[in-house]
Amino acid sequence: MKAALLVVDVQNGVFGPSNPPHLSEEVIVNINQLLDYAISSEIKIVFIQHQIPGVLEPENDSWQLFSGLTVTDSSSKIRKASPDAFYGTDLKEVLDASGIEHVIICGYSTDFCIDRTAFSAASKGYKVTLIEDAHTTHNKPHLDATAIIAHHNFTLSKHPNIALVATVSLTSG
């Protein structure tokens, strides 16, 4: 089964030093481990970049992929303006053109873009592997990031097409 690694919204404006998300350094280490695994296993890599007027403006430094990522020239890039990376983009066409049936998902924001993209992919019939220790978010006024991540790992893993896996379990096996 052909797979693709979807790296969602890991951008300078999100992971920069001024207000990094929960456990950002560990998450970046895990994402880079996933990227190395994808490169060595010839798994397609798709970087997804969110654009928000006045916050993550296309082509500005804040919109660029986080400078701490391992990026190759062969990686695909998708721009999105919605939490669901499939909505209003050509992500499905890009995946289908490569015969992708399985997506591995990591990145930011657990409670919005990761949740919506994982659920959308599963609902479209893709096998989804959500990397439980390679996605993150910020604390919210009503709930801290640790609880948000635990909640979404639990609820998403209840979908029949979504498996929850740790970085080391995927990359060492």
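Things worth noting here:
- Spatially proximal lysines relative to Lys158 (Cα-Cα < 21 Å; intrachain offsets below 8 disregarded): Lys124, Lys127
- Along the axis of the charge dipole computed for the chain (Cβ charges of +1 for Lys and Arg, -1 for Asp and Glu, origin at the Cα centre), the listed residues Pro20, Ile148, Phe86 are led at the positive end by Phe86.
- Normalised by the number of residues in the range 3-171, the mean separation of alpha-carbon contacts (under 8 Å, six or more apart) gives a relative contact order of 26 percent.
- The stretch between Asp90 and Asn139 holds 14.5 nm of extra length on full extension. This uses 0.36 nm per residue minus the Cα-Cα distance.
- Potential lengthening of the chain between Ser82 and Glu42 amounts to 11.5 nm, from the contour at 0.36 nm per residue minus the alpha-carbon distance.
- Annotation: amide H-H contacts under 5 Å for Ile104 (H modelled 1.01 Å from N, sequence separation of 5 or more, or interchain): Ala4, Leu5, Leu6, Thr129.
- Per residue of the chain, the DSSP helices (runs of n ≥ 4 H) give a summed -39500 (n - 2.57) that works out to -9000 deg cm²/dmol at 222 nm.
- Using the Cβ-Cβ distance between Glu57 and Ala147 with R0 = 35 Å, the FRET efficiency computed as 1/(1 + (r/R0)^6) comes to roughly 0.65.
Only the coordinates and a few stated rules stand behind these numbers; no lab work does. Values in this document were obtained by computation on a predicted structure and should not be read as measured data. Please note: Cβ atoms are built from the backbone with ideal geometry, for glycine as well, and neighbour counts cover all protein chains shown.
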